[in-house]
Structures are given as structure tokens and as C-alpha cells.
There are 4 protein chains.
Amino acid sequence: MAGASDRVLDALVEANATASPSYGADPWTIEAELLLAETFERDLAAFFVATGTAANSLALSAIAQPWNAILCHRYAHIMVDESSAPEFFTGGARLIPVVGAAGKITPDTLGRTLESLPADSPHNVRPSAVSVTQASECGLVYHPEEIAELTDVARSHGAALHIDGARFANAVARLNCSPAELTWKAGVDILCLGASKNGALAAEAIVFFDRKRAVDFASRRKRGGHLVAKGRFFGAQFVGWLRDGHWLELARSANSTADQLSAGLALLEGVRIVWPTEANEVFAILPRSLAEKLRAAGSVFYEWNPDSLPDNESVGEDEVFLRFVTSFLTRPCDVSDFLEVAGAISVPKFGTVGRNPAGSCSNL
Amino acid sequence: MAGASDRVLDALVEANATASPSYGADPWTIEAELLLAETFERDLAAFFVATGTAANSLALSAIAQPWNAILCHRYAHIMVDESSAPEFFTGGARLIPVVGAAGKITPDTLGRTLESLPADSPHNVRPSAVSVTQASECGLVYHPEEIAELTDVARSHGAALHIDGARFANAVARLNCSPAELTWKAGVDILCLGASKNGALAAEAIVFFDRKRAVDFASRRKRGGHLVAKGRFFGAQFVGWLRDGHWLELARSANSTADQLSAGLALLEGVRIVWPTEANEVFAILPRSLAEKLRAAGSVFYEWNPDSLPDNESVGEDEVFLRFVTSFLTRPCDVSDFLEVAGAISVPKFGTVGRNPAGSCSNL
Amino acid sequence: MAGASDRVLDALVEANATASPSYGADPWTIEAELLLAETFERDLAAFFVATGTAANSLALSAIAQPWNAILCHRYAHIMVDESSAPEFFTGGARLIPVVGAAGKITPDTLGRTLESLPADSPHNVRPSAVSVTQASECGLVYHPEEIAELTDVARSHGAALHIDGARFANAVARLNCSPAELTWKAGVDILCLGASKNGALAAEAIVFFDRKRAVDFASRRKRGGHLVAKGRFFGAQFVGWLRDGHWLELARSANSTADQLSAGLALLEGVRIVWPTEANEVFAILPRSLAEKLRAAGSVFYEWNPDSLPDNESVGEDEVFLRFVTSFLTRPCDVSDFLEVAGAISVPKFGTVGRNPAGSCSNL
Amino acid sequence: MAGASDRVLDALVEANATASPSYGADPWTIEAELLLAETFERDLAAFFVATGTAANSLALSAIAQPWNAILCHRYAHIMVDESSAPEFFTGGARLIPVVGAAGKITPDTLGRTLESLPADSPHNVRPSAVSVTQASECGLVYHPEEIAELTDVARSHGAALHIDGARFANAVARLNCSPAELTWKAGVDILCLGASKNGALAAEAIVFFDRKRAVDFASRRKRGGHLVAKGRFFGAQFVGWLRDGHWLELARSANSTADQLSAGLALLEGVRIVWPTEANEVFAILPRSLAEKLRAAGSVFYEWNPDSLPDNESVGEDEVFLRFVTSFLTRPCDVSDFLEVAGAISVPKFGTVGRNPAGSCSNL
């Protein structure tokens, strides 16, 4: 896992040089809030915390009472990887799984799930929130019009729309649209904007596009133990990250090496790319022998849950289903080196993957 | 909905006649505990509350920490009909749905679900409890050996077994086995024994077969607001209900009229009984016209969720999927009357359903 | 502890005789709601539960967010005797103790406590509710003008007013005022009206004088496991209790025997009545020897916390501080018998307490 | 508010330079744990979070069930300044205030409070934890024998001992004892060791001296949203802070300038030092005019709650009660400059405070 980008770290070091007011009244936090407003082209309320789990759970607590249901993809991070933090912060709201290919919920699957929920309150939990992961857990992005359709369905059932934007930067970098178009212009109520996976050390912003929803949020954050005394810690990271579009540069770089990796892997015998590569993740089925030799050569990647595979795909006896993640630190030559190792083992379909001229790259 | 049986009400009236100690130290509560121990042939710890939701949620809180998962049938009452009470009382534990025909989970579907849960603690919730509804939401009973197989699977994954016994009496009355065989002898840890649906006004017992699990339970019940001052209210109901096997008499009567109803409906043209009738519920698909006319004649029954239907069954355009519930108050002549009304409208396949000689019965 | 009064029990038995709709849609619940509206001379929203702890905690959850403070007397029942149920149902709101003689908070002590609370949100919990016990834990009643002054102070600090009315009937019976004057006309927002201590088996009403505050209450009650299926159980108790002013008759009777007991005890050598007797409780300091002999003669009473004594009062080495409670079942002859036993042991200051002519009374 | 010390920041920058495993499996976290074990001379379990509120609340949740009471000084940070986070993380445990001079609880006041708690479980919350702030909210330190006496009292009532060590470093730096003597050797169960107020950016360690108490702690931290992906962020701060006794150097420096400030202020006409200066805080009553002029000259300090003053002390009409805090960044010349400004306004009792020769110091 990469650390912070140089510019983010520089901002942090600079912010450290002088004393400043505590609990978010410092100039760095204030500038970060202004940069967010500028980035999203509107007035908004922003709060910073250290983890995506805290951001998502706190955000959901603002739109779900304990007797409400929150709908999300069955493989959403909030459903699978955040323990029962959503339940903890909401006081017991329930996550309801929605199906959909490639980690994406659709107006159809969302609508059908909403319709199927028993509606005899107070016996049944009732929906008040829909959470969408951008980019999805399978590395695909939602287009603005897709988001708009989902918010339409959500609103027609009385539910607000939350974006888990751990990879939101990668989605914006990929799509030909503005952050505003991908959020509030498409009806989004709350965005959890993650910087931690894309150049920050530990910094997530909860962005309310309607300040009214944030009325109790300072209290929620405080009682969750997520109000840090030296608020500039988050402020500085976000200033370094947002200023001059640095966040999108970082994301574009990671997306680009993911594209390169995906294209290269696709040329190898026995490798199948599972979903189009749209963010900084590549999901592929590899011969087990190839995976083992790549690991032996120093590469780090994870096996992925085969339950999430498309219906027409499966993992053979001698195969493994893997997720590769590139970061802003990944260089094209890192990918070339990796592919060369892969190519030297397997048999490329159309010839050798081009060697990195610099030759100095370490493995991915 | 029926009230209390005469014997239960008599006990309540008798208990009311004299002053007695508060908070469960009264002779009625003590006798109820002794009757439970006798009924289940072993030492146990019992606690009384007014609702099934309270009983189940409190019981689950004794075997599930906030970061645990509780597995139950996807249509279990605790999953569908108890709001988010399980989350409230456990502090946020998550319910995980298990599939299975006729509302019953099987060692196979339970095992596969347990295996499929991501196991990377603390990121993933981890199972600690399995909840089984006896009789199932579709009116079927689990045999002792089925329960034993489920506890085996649960234990091999570190999970305790809880029975939601809202209709436990109906199951015991149907099966040729003792209450002990159907619970602790088959490995059950906690039973929520419901009297409210079978002759009591409002009385449920949470029965711990291992006292150690009950160590904090008095505190849990108190802070949930479920410790009543005049504990004899529950004690007397349970004494009236358990004494001399009255609870099983009531259940046998309800089961028997359900059998009669099921058999009678099955003879009618266009009616399909969906699941075998094993407790006091009959699930059937009826021509819509028949259902409407029965309603017009004063019968009360509910449409049921067609999602729960077997794969090979569906509800036609002109049909409805209904649940009929008999109670200890339902008389054979009530069912005969009902079937006569039904038969006068529809065309019985094999002739007329026998008329109730007494003729004085009101409709179901 | 006494059971239910005959009229309450009769209503329950009558309600049991026929089947009726579930979950509070039955005619008894509806009539109980109408009787409450009539009793309080206005439109209101009412919900029924089985215990005072549930009533108070649920009511407070409607007016206190998890980061709020609830002010109440330091010896209030919600502070001392309801475990951490208030915290459980509010999601963590904090109880702040207010001092005051005889269990009563005053505009002055309430105001000073409110002023003293640190006001730097979100670091400090902020007040949103004040809870007043009517009659107080020391058996004194608040007059309508006292309640009005407290609501003024509460409102000027943004706090709503809740009445824990476990002995509200005793207060109304004592004061020359209407239930309306003692509640909403004096600014009360929510009343928990207790019937359990005054003639019911287990029945408490949460009364919202402003329906808007009750908007989520059905959900709160359900997820707390406090929605009973056979709602008539509560409805019938309240119908029996409220109809024809029965509740006030019961309270008047209990108040009257408390007066008799207080006056009689005051005549005994070495006995000091601690607070004026205004409801159905008598607090007195007795010679230990007298208390022991009364116990030996079959009387039941409790030692009380001497911390609550007035500054100018203390319990000597050979004394005990006791609480006596009369109920609607207590007869004047019961008190006479009790006093006779006491008088036969101690030496009355002004002569013998008159013997009960009937002579058939058992002890208190 | 100061930022991080150079050595802490350097460690952070160094840790950022290379990729490392996530969620605390990185070499920095591992080294930090080893340094803690070395510092405390024993095996222990340590967990890192970003805020003192999170550390304290999570720690308390490991030793207090929802129906338990936690005793702490009436002005403890967890009581006054952490919203209702303790209630949130414990699921509703109650904080019980203990009195004591200078922010310190004593074996006597603790014992008397414990004895005074009503003990009728489950009606009353029962104590399971005592929390002690080291140094106290009034800037005084507890000696090892004082801690040992408190743990004795706590244990004799079945309660564990927790230290809120936000200023633990200042206490160790002041006392002639080892960290071990001040904690587990004196019976302490859990220490929240704060680095944020003494040289770190945002880093607190929860230290369990008995690993058994930590069994669920990873789950508690995760569901609270306090498990950061890039764990080295905390690891590096603690490595930089603990290595070579840097943490104690920082604390000694802050303590020393606090001593200098306290001694200098004491010489000024009309100034009264309220409590002995033992950590890095000075509490003093100043003429209001003096305070205003110091503020005008750029000094930053806070008015403090006069309720916490000793009985024989009070704040006059023209006086203010202030808290001054020094940090590791405060230089002796900063204090001299400050005192010179103060002396030029007020009239020193014994002559002019020596001028800082360097003359380049900015104000405190």
C-alpha cells in the first residue's frame, strides 16, 4: 500500500510548521472546505475523518433512523468489509442487498428490491437510503445519467442517495464530466469522498450538498471519537490533494497503468479479463501457475470472491480469480516489468510485451 | 385474534386475588419456572416477557456481540417482521439470510451460507448464532434429528442455536417427541417459548438450557424495560398454560382444525395447498373469486408473500396466495361452516363437504 | 404488592371473551385512547406499554438525541431505578442530576443546573429534556403553577418537559385541579401515565400532547419489543381504569389511608414523619425496635436511602428510615390494626389509637 | 495548538517513503508495539487511534457492559468534554461523578461513592470501571502509591482501573518513577496513552496490560471506524515519539516552562496560583485588566470553570480564572517575554522578571 503523494505530504509538513487553532478552525481546514466548494461548484457542508468506514457510517446515520433500511449492492464495501459499523452508527438500521452485474446496482434491480420490501410499518424496516459505490467494487464507474436514474428510483421510494466515493477520483478521471455532474446535479445527497486510496495518508471528506442534512453532524462525529484536535491534519491533506487538480492527476495516472496492465494481461494465454477496466483495478482469471510465479517474483495481489463472477464465467480447477490494484505510484515501467515476468512464464498470444527501456523499475 | 384460554385466564384471575412479591419473586413465577424445568426434564433458567419480538431479540443479544452475524431463514420472523429489534438489542449484530424450501433452513443451505461468509475479521462480521423458527414461517415443523443436524453445522462454525418457538407448542403437538428431544437433547442453546399465539394473553418465556449463558440476562431484560413489577402476570399465565399439559391440548386442537381445513380446501376446484399442513397454518392458492366471497361471508385471512412460493408454483392472474390460521378456539364446526360456504361457491372435486350438524358455528 | 382492581380485571376478562384485531386496532384500545382524550380534554397521541421503565425510556427517546442531556432529580426513578434503560433507548443521552428538597426540583435548582452545564457543543452534551416525577420520589406533589414554572425554565433552555407519572393519579387526586391543568396547560410535552401502581396489572400510557413529537413513536415501540399483539390487553386495563373516574377513586383511597397512617405514626413516641404526606407514601424515622416488631407482626415496608433526608434530619443509631406505601386495597381498618400493633409496643403521645371495630382486618 | 515535533514528523515522512502492508501489519506499527512493551517492561496489547475520545471510549467499552457504571472525577474529560462518546461505545453505561480536590479522586471519595451506589441489581447500574485522569484536569499528578490505593478500592468493588493518560507523559516526566510503576505495577488495567497533546499530530495508544481484556478489541475498533488502512501513520508517530525517550524529553520541556510560568506569575501583584504546577498547565486567578492586556498582546489562554475552585478560593468581580498550557514548543524565552509583558502592566512583588537576552522570542 502506497503512502501519501509528495504534494499531500508537503502540505502536511507545511501545516505542521506553525501553531494553529484546534478542532477544525484552522486555515487549512477552512481552505480545504473552500476547495471542495469550488470543486463541486456549490455551497456545501464538509466534515473530515480518518477512515472510509467512519465516513460511510456517519454519513448513513444522517439519513437512516434505526428502524430504516439502507439499500446497497450485495458486494458493497459497507455490506461486506466494514464490520457492523453501519449498524453501530445508525443505531441499528439494516442493510438490504441489491443484485447487479459487475458490482453495479441498476434502476431495475434497485426498484425491484424496493418494491419487494414488506411495507407494513412498524413491523418492517422501511427504506430511507440508497448507497452507491463509485467506482464499483468490480472497478466499473457509474455515468452521471446512471446516477440520476438511481436517485429517481430512490426518491420515488422516499430514500436519499449516498455515494461511497472511496474511488470517486478514479471515476471522475475516467468520465468526461465534472464532479458536480456526477453528484448533486444527478441528485446525490451525500458523498463520501475518499482521498486515502488515492494519495492521502488517512483523509476522507463527508460532503453534504444540502446543509440541512448536516445539522447534527458535528455531534455525530464528536461522539464517534472522530473529531481530531489538530484538524489541520485533515485540512492539509485535502488542500494538497485538491489544489490544482492534483487528485485527478493521481487518479488518471492510476487509471492509466490499470489500463496498461489490463491490456497486457489480456494478451497472455489463459488469462481472461473479467470486467472492463474503468478505474484502477483489474479483475482477471489467471492460470494458477502463472499467479504463483508472479507472487514468487514479488508481486502482491489478492484472490477475489468468485461468487461475484458473471453467470457465464467461472474459475477452473487450475485457475485463480485475482484483483490487481494500481496506485498513483505505479509507473508504466512497473507494469511493463510485471508483464514481462508474466510473459516470460506464460506464452503471449501476439508476441512479447514491450520491455521497459529504463529497466530500473521494480515490480508492481 | 383469540384471547386467552379459560384456564390461562382463570390462573390470572386467581393470581390477582392476593398481594404477592414483585419482580418475579412471587409464587406464580416460581411455579412457572418449576413447570418449565419439569416440561423440559432438566435444570434451566427462564425469563418471561410480553412479546415475541422482545423474547427473540433479548435471547439473541445473549449469544451475539455487535460485530457478530446471526443466520436465519430469509423469511424468518426476526428477519422480516420484528423491525430492527434484533439490531437494537444486540447493539448492531447483522442478520444473514439463509435459503431453504418451505421456510426451513437445511444443514446444506446453512453450511453453504456459513462457508460463503468472508472470514477476515475484524473487517467482516462473524457468525455466532443460528436462529431456527419452529414451526417454520410456512407452517412446517423441524424434526429432532433435523434440529440436531443444524446444531452440528452451527457449532462447527462456532455458533449457538436459538429457537424462535412462537409455534413451538404446535410442533411438539405434531411430532412424536418430547420437548426435551426437540431442544437441548438436539443441542439447542436457547428457546423462546411462545404462549401468546396459543392460549395466553401476552406471555413468552426465554429458556436457557445452560444457565451460564443467562448470567447477564436479568440486566438485559431490565434495561430493555421488560421486567414487569407484577411478575405474577406472566407467572400465572404460564402456570395455567403448562399445568396438566394444557398447552399441548390447545396446540393439538389448533393443529387438528388446520388439518381439517387443509383437507377440505384441497377438495375444492381450483385450490392448491402449497405446503403440507403440519402446524396450525394452511397456505393455499385460491381462485380470487372464491377468496373474495369467503371474505364477504366474514372470514379473515391474509395474502401471503408469493416470493416464498416453491419454484414450481406460481400465482395466476385470477388467483391469490393465502394464509389461514386456526387457533385453540377454532372448532371443527367452524371449519365445516367455512368449507360449506366455500363449497357452495366453488365445485368440490369429490362431493359436498359434510355439514356441521350443530349448525350453530360462526365462521372461522 | 396488590394486583388489579376488580373493575380493571373485569374489563380484562370481558375483553378476552371475543376475538379482536391485533396490534392496537381493537375496540378496547380505541376506547382507551378516547377516554384519555376526554380525561385530558384535548386531542393527543397515546401508546401503551407494560412497564414504567419502558414508558419513560421510550418517551425520553422522542425528545433526546444521543448527544443530549436529560435533567431530572438526583433521586428520580429514571436516574436510580431503571438501570441504564434511558441510555439504551435514547442511544446514549446523559442524565444530569438536579438537587431539590423532598425529591422535587425547583425552577431555581433546575435553572442553576442548566446554566452550569458547559455549552461548547459538540464537546459537551446539551440539554433537550427535563423529566419531573409526579408525585415525587419523596411522596410530594407538584402544583400546576410549579409545573408551569419548570416548563418555562426548561423551554428557555430549549428543553421539552416530560412527566414520569407513575403516581400521577395520586397527585391529581390530591390537588384541586384537572389532569389538563397539571399537564399540557402547564406546558408539559409528554406524560407517562402509570396505571400499574394504582389498580392495573401492567399498563402504562405514553401520552403526547403534541402529535408531531410522536411521529416515529410506533417504530420506537416496535423495535423495543413493546408492541403486543393482543393490544386489547392494555386497552381493556385502561378502559376499566379510566371509565367513570375509577382511577381517581383508587388513588383517593390510597391517599386517604396514607394520611391516616401518617397521622397515626406521628402520634407515636420516637417517630418522626419526614415529609408531608401528599400521595400514597409515608416516610418516617422509627425506633429500630418498633420497626422490628412491626415486621415480626407481618408488616412489609422498606428502609429508604438516608442520603435523601433533609439537612436538618438524620437517622440515629437506634433508628431506621422507612417508607410505607398504601394501595387502593388498603382499608382504614388495616391501618388501624397496624397502628394498634405499633401503639401496643411504643407509647403513644396522646393516648391509644382507636381500635378497628370490625376487628377482621389483616395487617397492612 | 502546536503540531508534531520534528522527530515525530521525520518518522512520518520516512514511513511514507515506501509502500507497506495495511491495517497495522506494517513494520512501523510492529516497532511501535515493541517500543511500548519495552517502555512498560512487559508483554502487552496495544491499539492505535487518532483521538483521545476514541481511545477512552473504546477502552471503557472493554470493561463496562451497558448496565454498568464507570466512576470518574466530576470534572474528568470523559465526563465533561467527550460528548456522550462513552455512552455510545459502551452501549449505554453510565458515568458516575466522584468529588475530590484539584481534579483528583481519592481512595476516600471513590470508596464513599462506590458505597453510596444503590446495589439492587438489575434495577441499579453497577460499577465495573474506575477512570483516573493522569495528570488530572487541574494539572496535578497521581503518585504510584495513590494509583495503587485507588486500584485497591476499585477492585474491592469489582471494578477495573482505566487511566486517561492524555498527559501521562507529563506525569512520568514529573515523578521519579517508571511508566511501569505508574501503571500495571500499581494495578492499572488499561492505559490510554496520549501522544497528540505532547508532540504527535494525532496518535493515541490503548494499552492493555492483560491481553485477555483485549480479546474483542480489534472488532470494537473496526466497527467504530477507527482502524486506518495505512496503520503506519500511527506506528510511525509512536516510533518517533517513544524512541530514545523523546516523549519524556518533550514532556519535561513543557513541564519546565510551566514551572517557570507559574513561578513568574506568582510574583505578580494580584495573581494567585490556584493549584501546584505539576504538569504543563498553570491555573491562576488574575486581575481582569491584566488578562485583557495579555490577550491584547497576543497571548492565548482560556477561562476555566470556577466551580472547580477549592472551597477557600473564589474569583472576585475584577478577576478571571485562567488556564495556561505550555507545550514542547514553548521556550523559556517565550515565557520570559510573556512575563515581561505581564510585569510591565502589573506591579511585580519582588522586582522585574528577567528579560530574555535573545529578545527574539514571540509570545506564548
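Here are some notes:
- Number of partner chain Cβ atoms within 10 Å, mean per residue of A:66-72: 4
- Helical content alone sets the calculated 222 nm signal of chain B at -11000 deg cm²/dmol, taking -39,500 (n - 2.57) per DSSP H segment of four or more residues and averaging over every residue.
- Each peptide in B:113-121, A:319-327, D:34-42 gets a packing score, the mean of other Cβ atoms within 10 Å over its residues, and the list from highest to lowest is A:319-327, D:34-42, B:113-121.
- Size of charge dipole - the range A:195-282 - debye, nearest 20, with Cβ of Lys, Arg +1 and Asp, Glu -1, no other charges: 840
- Electrostatic bookkeeping for residue B:125 treats Lys and Arg as +1 and Asp and Glu as -1; over the other residues with beta carbon under 14 Å from its beta carbon, the sum is 0.
- Pairwise centroid distance, computed over Cα atoms, of the range B:184-244 with the range A:104-164, Å: 40
- For chain C, share of DSSP beta bridges that run antiparallel, in % to the nearest 5: 55
- Of all beta-carbon atoms in chain B, the one sitting closest to the axis that brings chain B onto chain C gives B:50, 3, with the distance in whole angstrom.
- Take each peptide in A:215-225, C:299-309, count the other Cβ atoms within 10 Å of every residue, and average; sorted highest first, the result is A:215-225, C:299-309.
- Per principal axis, descending, Cα span of the range D:120-168 in whole Å: 37, 19, 13
- Summary of the geometry: the range B:22-62 and the range D:15-29, compared by the centres of their Cα atoms, lie 52 Å apart.
- Prolate/oblate/rounded label for the range C:232-291 (Cα gyration tensor, a/c 1.5): prolate
- Local charge for residue A:87 was computed over the other residues whose Cβ lies under 13 Å away, with Lys and Arg +1 and Asp and Glu -1, and equals +3.
- Computed log10 I(q)/I(0) for chain A at 0.06, 0.07 Å⁻¹: -0.23, -0.32, from the Debye equation with unit scatterers placed on every C-alpha and solvent omitted.
- Going by neighbour counts of Cβ atoms within 10 Å, the residues A:333, D:138 line up, fewest first, as A:333, D:138.
- Over the range A:167-216, the fraction of Cα-Cα pairs per 5 Å bin, rounded to whole percents and listed from the shortest bin up, is 5, 20, 24, 24, 17, 9, 1, 0.
- Largest-first principal axis extents, alpha carbons of the range A:186-249, Å: 34, 34, 17
- Alpha carbon convex hull of the range D:139-203, projected area averaged over orientations, nm²: 4.4
- Using a cutoff of 8 angstrom between alpha carbon atoms and counting only pairs six or more residues apart, the relative contact order for the range B:102-219 works out to 22 percent.
- Our analysis of the range C:14-61 gives Rg over Rh at 1.03, with the two radii drawn from alpha carbon positions and Rh computed by the Kirkwood formula.
- The calculated FRET efficiency for residue C:266 paired with residue C:34, based on their beta-carbon distance and R0 = 56 Å, is about 0.85.
- Helix screen, chain C: DSSP H segments with Cα axial length of 27 Å or more and mean Kyte-Doolittle hydropathy at least -1.0 are C:246-266.
- For the segment B:194-207, counting C-beta atoms of other chains within 10 Å of every residue's C-beta and taking the mean gives 2.
- Chain A, relative contact order in percent, only Cα pairs under 8 angstrom and at least six apart counted: 19
- Relative frequency of Cα-Cα separations exceeding 18 Å in the range B:213-257, percent: 53
- With a cut-off of 15 Å between beta carbons, the residues surrounding residue D:173 carry a summed charge of -2, where Lys and Arg count +1 and Asp and Glu -1.
- Average partner coverage of A:45-53, which counts Cβ from other chains inside 10 Å: 4
- Hits among lysines - C-alpha to C-alpha of residue C:212 under 19 Å, sequence gap 8 or more where chains match: C:185, C:222
- Between amide H atoms placed 1.01 Å from N, distances below 5 Å from residue C:132 occur with C:162, C:163, C:164, all of them 5 or more places distant or on a separate chain.
- Copies compared at residue C:178 - label distances in nm, ascending, label defined 7 Å from Cα in the Cβ direction: 6.1, 6.4, 7.7
- Cα-derived Rg over Rh, computed across the range A:135-263 with Rh taken as Kirkwood radius: 0.99
- Gyration tensor over the Cα atoms of the range A:224-353: the corresponding equivalent ellipsoid has semi-axes (square roots of 5 times the eigenvalues, largest first) of 33, 18, 13 Å.
- Amide H contacts under 5 Å for residue A:4: none, restricted to partners 5 or more places along the chain or on a different chain, H placed in the peptide plane at 1.01 Å from N.
- Translational diffusion of the protein assembly as shown, estimated by Stokes-Einstein from the Kirkwood radius over alpha carbon pairs at 10 °C in a medium of 1.306 mPa s, is 45 µm² per second.
- For the range B:67-153: span of alpha carbons on each principal axis (Å, largest first): 36, 27, 17
- The antiparallel fraction among DSSP beta bridges confined to the protein assembly as shown stands at about 55%.
- Copy-to-copy label separations for residue C:297, where each label sits 7 Å from Cα toward Cβ, in nm and ascending: 6.9, 7.9, 10.0
- Protection proxy ranking of C:59-68, B:263-272, C:204-213, by the mean of other Cβ atoms within 10 Å over each peptide's residues and highest first, is C:59-68, C:204-213, B:263-272.
Read the figures in this text as sums done on the coordinates, not as results from a lab. Everything numeric in this text was worked out from a predicted model, so none of it was measured. Glycine also receives a Cβ, built like all others from the backbone with ideal geometry; neighbour counts cover every protein chain displayed.
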